[in-house]
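Quick one: the structure is below, questions incoming.
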Amino acid sequence: MDMIGLYPTWFEPGVGSGWIVGFIATIHVLFSHTSVGAAIFFAWLANHAHRHHKPELLEFIRRYGLFLLVFSYVLGSITGPGIWFSTTVASPRGISALIHSFVWMWATEWVFFVIEVVGVYMLVYLAGKVDVKTHTRIAVIFGLTSYTTMLVIVGILSFMMWPGKAEWAETGGVLNAFYGPNTFAQLGMRTAFMFTMTAVVGGIVAGQFKDLALKKAIAGKLAWLGIVATLTGAAMFQWYLSTLPETAEVVLQNRLPAHFPMALMTVVAGTLAYFVLTLVQPRALVSGVAGVMTVAILVFGLWPEEVARESIRKPWVAGQYVYSNQVIGRDVPGMGVKSEIPTIEAHGFLKTLVFVPEALRAIDDGNRVEAGRLLALNTCSNCHSLSSTGIRPLRHYFPGSHTEADVAEYLQAALSGGNTLYMPQIPFNDEEARALASFILTLSPAAAVNTAQAATTVAKE
Ligand code: HEC
């Protein structure tokens, strides 16, 4: 019999593995976008300073560069591998799918990343020590390589949502996977966002300038950069939404909290107001306020946006063929990948998963709940918390008076045929559905009482 080689599940009871990946990734996005945006801004500013004979502007590049070196590059370099570590255990087959499609893209990414890191050191430590032309050239190379790292990663990220071209599933091919309408819209959105962040974080550095004339000059440039970038970002977001497939729109409309559009609009308006204020009143550019703005955008703008992007990808984690619970849910002839659903339908999970304790391969009255727990861990826990905290706790869906049979019937109806848009097809046979149901009922205290009552009633009869 074919076995299904799922890796053991990383179970994080507090918030769930998905959120841990989310925390690390959101921080990484903040730092990486800020530094790519800053790199391009530096290239422009160095040229501008050179042409208009304003060497004092280079002092801003030097200080901002140093600030990024300490924050962005250190924290960015910790959270970058952090994403690899956390996603590799949270979603090993998702990562495997990306590596199988994009190994050379990633190699390219790292080459440019090395140039970028060397570039930031050269930019900071050679300021004033090499002639202006050379320094400007370093700035331009640094800017271009930084943006190249962004170009490559956005193609990979948008493949996680949707393979670039529909024919990819048949033909395979890295460019078919890489380029699609979603790629460019996402690139536009991220590009605008990175300049917004460059302008906000730049305020932390510029806020410390004592020289009022210099502060004013920098404040004006940052404010205009921020205003243009934020407005462009809002437009790019609309474009991005228009590239989403129909299924994503349904999920977006039905599954996101109602306050989501309002919250995003508030963040955009607040950010614009902040830039306008620092434009007309450069004294308002204070490091503390800029720091608060940075955190506000992180918490109220970036986090919800990343969460939304995650949800509209459901039930897939990569390429529309690896389910979030790691099962391969579709044939991809172009990659020689076969759906595992038929095997599971034929033999069940417990018989086919590799990492199942022998004692749980066959269900009986003694191990039913334990077998159910194993099924929940493997097939649900990636998206549903099994405790009372974290993401979409399973216990919330079955409060009160459900019987095991009710729940089992529900599970099969909702999941076995793959009829639920945002959940994977999870084909349980009768035995497994009952086992999972009995475990789910132990999660909700009220329901546990019901099962106990049902059991005593049966015993009395
Ligand atoms: C790909 C992620 C994913 C997986 C895996 C998953 N679910 Fe869900 N599930 C969701 C989402 C998203 C919702 C929408 C509910 C929400 O937003 O609160 C949901 C909703 C539900 C609901 C509420 C009813 C409904 O249809 O909206 C139940 C019950 C449920 N899931 C049970 C399960 C069980 C049991 C498993 C494992 C056998 C499972 N889910 C696996 C993502 C998932």
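Do the conditions hold for S158, that is, is it in contact with a helix residue (DSSP H, G or I) (Cβ under 9 Å, 6 or more places away or on another chain), among the hydroxyl-bearing types (S, T, Y), assigned to a helix (DSSP H, G or I) and more than 26 Å from V70 (Cβ to Cβ)? Give the derivation first.
Working: in contact with a helix residue (DSSP H, G or I) (Cβ under 9 Å, 6 or more places away or on another chain): yes; among the hydroxyl-bearing types (S, T, Y): yes; assigned to a helix (DSSP H, G or I): yes; more than 26 Å from V70 (Cβ to Cβ): yes.
Considered against the rule, which asks whether it is in contact with a helix residue (DSSP H, G or I) (Cβ under 9 Å, 6 or more places away or on another chain), among the hydroxyl-bearing types (S, T, Y), assigned to a helix (DSSP H, G or I) and more than 26 Å from V70 (Cβ to Cβ), S158 comes out as yes.
Moving on. Consider N176 carefully, then state whether it is touching a helix residue (DSSP H, G or I) at 6+ places or on another chain (Cβ under 7 Å), crowded, with 21+ Cβ neighbours inside 10 Å and farther than 19 Å from L30 by Cα.
Details: touching a helix residue (DSSP H, G or I) at 6+ places or on another chain (Cβ under 7 Å): yes; crowded, with 21+ Cβ neighbours inside 10 Å: no; farther than 19 Å from L30 by Cα: yes.
Here the answer is no, as N176 does not meet what is asked.
Just give me the residues in the range 382-412 being of a type outside the set (D, E) and either closer than 25 Å to E249 by Cβ or touching a Lys or Arg at 6+ places or on another chain (Cβ under 7 Å) (or both), in sequence order.
Within the range 382-412, the subset of a type outside the set (D, E) is 382-403, 405, 407-408, 410-412.
Those that are of a type outside the set (D, E) and either closer than 25 Å to E249 by Cβ or touching a Lys or Arg at 6+ places or on another chain (Cβ under 7 Å) (or both): N382, C383, H384, S385, S388, I391, R392, Y397, A408.
Also, quick follow-up: Collect the residues in the range 409-428 that are of a type outside the set (F, W, Y), crowded, with 19+ Cβ neighbours inside 10 Å and not in a helix (DSSP H, G or I), keeping them in residue-number order.
Those that are of a type outside the set (F, W, Y), crowded, with 19+ Cβ neighbours inside 10 Å and not in a helix (DSSP H, G or I): M423, P424, Q425, I426, P427.
Another one. From the list A308, A248, A318, pick out the single residue that is small (G, A, S), under 24 Å from R190 (Cβ atoms) and at pLDDT 90 or above. Show your work before the answer.
On the way: A308 fails: at pLDDT 90 or above; A248 fails: at pLDDT 90 or above.
The unique qualifying residue is A318.
Further question on the same structure: Just the residues that are assigned to a helix (DSSP H, G or I), modelled with pLDDT of 60 or more and surrounded by 16 or more Cβ atoms within 10 Å (Cβ to Cβ), please, taken from the range 436-453. Walk me through it before giving the result.
Step one: filter the range 436-453 for residues assigned to a helix (DSSP H, G or I), giving 436-443, 445-453.
Next cut, modelled with pLDDT of 60 or more only: 436-443, 445.
Across the range 436-453, the qualifying residues are L436, A437, S438, F439, I440, L441, L443.
What are the pairs, 6+ residues apart or on separate chains, where a residue within the range 376-393 that is within 16 Å of P8 (Cα to Cα) and in the same structural domain as L441 (by TED's automatic domain parsing) has its Cβ under 8 Å from a residue that is of a type in the set (V, I, T) and at pLDDT below 90?
As it stands, the answer is C383/I391, since those pairs meet every condition given.
Out of all the residues in the range 339-388, which are of a type in the set (D, E) and surrounded by fewer than 18 Cβ atoms within 10 Å (Cβ to Cβ)? Before you say what the answer is, go through the steps one by one.
The initial filter retains those residues of the range 339-388 that are of a type in the set (D, E), namely 340, 345, 358, 364-365, 370.
Result: E345, E358, D364, D365, E370.
Out of all the residues in the range 160-182, which are hydrophobic (A, V, I, L, M, F, W, C) and over 18 Å from the mean Cα position of the chain (by Cα)? Working first, answer last.
Pass one, the range 160-182, residues hydrophobic (A, V, I, L, M, F, W, C): 160-162, 166, 168-169, 174-175, 177-178.
Within the range 160-182, A166, W168, A169, V174, L175, A177 meet the criteria.
Looking for whichever is within 10 Å of the ligand (Cβ to nearest atom), more than 26 Å from N254 (Cα to Cα), small (G, A, S) and not in a loop (DSSP other than H, G, I, E, B) here; the options are A359, A433, A371. Which one fits? Write out each step before concluding.
Working: A359 fails: within 10 Å of the ligand (Cβ to nearest atom); A371 fails: within 10 Å of the ligand (Cβ to nearest atom).
None of the others qualify; the one that does is A433.
For V250, are the conditions met, namely being within 16 Å of the ligand (Cβ to nearest atom) and in a helix (DSSP H, G or I)?
Numbers: within 16 Å of the ligand (Cβ to nearest atom): yes; in a helix (DSSP H, G or I): yes.
Here the answer is yes, as V250 does meet what is asked.
In the range 115-137, which residues are among the aliphatic types (A, V, I, L, M) and in contact (Cβ under 8 Å) with a residue 24 or more places away in the chain? Steps first, please.
Initial filter on the range 115-137 (among the aliphatic types (A, V, I, L, M)): 115, 117-118, 120, 122-124, 126-127, 130, 132.
Within the range 115-137, I115, V117, V120, L123, V124, A127, V132 meet the criteria.
A further question on this structure: So R392 ticks every box in (1) more than 11 Å from the ligand (Cβ to nearest atom); (2) charged (D, E, K, R); (3) not in a helix (DSSP H, G or I) but one. Which box is left unticked?
Among (1) more than 11 Å from the ligand (Cβ to nearest atom); (2) charged (D, E, K, R); (3) not in a helix (DSSP H, G or I), the lone unmet condition for R392 is (1).
Something else about it: Residue check: is L244 part of a loop (DSSP other than H, G, I, E, B), assigned by TED's automatic domain parsing to the domain that holds E56 and buried (at least 16 other Cβ atoms within 10 Å of the Cβ)?
Values: part of a loop (DSSP other than H, G, I, E, B): yes; assigned by TED's automatic domain parsing to the domain that holds E56: yes; buried (at least 16 other Cβ atoms within 10 Å of the Cβ): yes.
Criteria met by L244.
Do any residues in the range 297-326 that are more than 24 Å from S242 (Cβ to Cβ) and aromatic (F, W, Y) have Cβ atoms under 8 Å from those of residues that are within 11 Å of the ligand (Cβ to nearest atom) and in a helix (DSSP H, G or I), where the two are at least six apart or on different chains, and which pairs are they?
The qualifying pairs do not exist here.
Working only within the range 414-428, note down all residues that are more than 6 Å from the ligand (Cβ to nearest atom) and under 24 Å from the mean Cα position of the chain (by Cα).
Going residue by residue through the range 414-428, those that are more than 6 Å from the ligand (Cβ to nearest atom) are 416-419, 421, 425, 427-428.
Scanning the range 414-428 gives L421, Q425.
Okay, moving on. Applying the selection to the range 188-224, what residues are part of a helix (DSSP H, G or I) and either surrounded by fewer than 20 Cβ atoms within 10 Å (Cβ to Cβ) or charged (D, E, K, R) (or both)? I'd like the intermediate steps shown before the answer.
Applying the first criterion (part of a helix (DSSP H, G or I)) to the range 188-224 yields 188-206, 212-224.
Answer for the range 188-224, where residues must be part of a helix (DSSP H, G or I) and either surrounded by fewer than 20 Cβ atoms within 10 Å (Cβ to Cβ) or charged (D, E, K, R) (or both): G188, R190, L212, A213, L214, K215, K216, A217, G220, K221, W224.
Scan the range 13-30 and give yes if some residue there is buried (at least 22 other Cβ atoms within 10 Å of the Cβ), over 30 Å from P427 (Cβ atoms) and not charged (D, E, K, R), otherwise no.
Within the range 13-30 (the criterion being buried (at least 22 other Cβ atoms within 10 Å of the Cβ), over 30 Å from P427 (Cβ atoms) and not charged (D, E, K, R)), the answer is yes, since at least one residue qualifies.
Follow-up. Residues of the range 396-408 being near the ligand (Cβ under 10 Å from one of its atoms) and either outside any loop (DSSP other than H, G, I, E, B) or among the small types (G, A, S) (or both), which ones?
So the first thing to find is which residues in the range 396-408 are near the ligand (Cβ under 10 Å from one of its atoms), and the list is 396-398, 407.
Matches in the range 396-408: H396, Y397, V407.
The values are calculated or read from the model by the stated rules, or taken from the named source; none is laboratory data. Remember, it's a predicted structure, so these values are computed and weren't measured experimentally. Note: ideal-geometry Cβ built from the backbone for every residue, glycine included; neighbour counts use all protein chains shown.
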